[in-house]
1. From the set of residues in region 11-49 that are of a type in the set (S, T, N, Q) and not in a loop (DSSP other than H, G, I, E, B), which is nearest to the chain's Cα centre (by Cα)?
2. Quick check on my filter: what residues within region 1-13 are polar (S, T, N, Q) and either at pLDDT below 95 or surrounded by 10 or more Cβ atoms within 10 Å (Cβ to Cβ) (or both)?
3. Filter region 55-72 for residues that are charged (D, E, K, R) and modelled with pLDDT of 75 or more; which is farthest from the chain's Cα centre (by Cα)?
4. Can we say Arg52 is assigned to a loop (DSSP other than H, G, I, E, B), under 35 Å from the mean Cα position of the chain (by Cα) and at pLDDT 75 or above?
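The values are calculated or read from the model by the stated rules, or taken from the named source; none is laboratory data. The structure presented is a predicted model; accordingly, all values stated were derived computationally and were not measured. Methodologically, a virtual Cβ is constructed for each residue, glycine included, from the backbone with ideal geometry; neighbour enumeration extends over all protein chains shown.
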Amino acid sequence: MFWDTLERVNRLRQQAMSNPEFLQSAKQHEETLQHVEQYFEPKKHRKSTQKRQKTLADIYDQADFGGRPDDVTH
């Protein structure tokens, strides 16, 4: 049974490969698939490097909180 099916499929494949209309249709199908794959292919994005979250010490590092113009201390 398996060999009969295999022989039948092989015979049909050979018939199709000798048919110019089938070959033209297969070529068009291949081109359409390539176009569709190209159109719907996911876009590649760069991996964004995650920035280190700033601490309050980093943010206020350059701020001068120590001096008062009237020289009053707490």
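1. Let us first name the residues in region 11-49 that are of a type in the set (S, T, N, Q), namely 14-15, 18-19, 24-25, 28, 32, 34, 38, 48-49.
Then drop every residue that is not not in a loop (DSSP other than H, G, I, E, B), which leaves 14-15, 24-25, 28, 32, 34, 38.
Details: Gln14: 38, Gln15: 40, Gln24: 32, Ser25: 30, Gln28: 26, Thr32: 20, Gln34: 16, Gln38: 11 Å.
Here the residue is Gln38.
2. At the first step, the residues of region 1-13 found to be polar (S, T, N, Q) are 5, 10.
Correct list: Asn10 only.
3. Taking the candidates together, the pick is Asp61.
4. Values: assigned to a loop (DSSP other than H, G, I, E, B): yes; under 35 Å from the mean Cα position of the chain (by Cα): yes; at pLDDT 75 or above: yes.
Yes: the conditions hold for Arg52.
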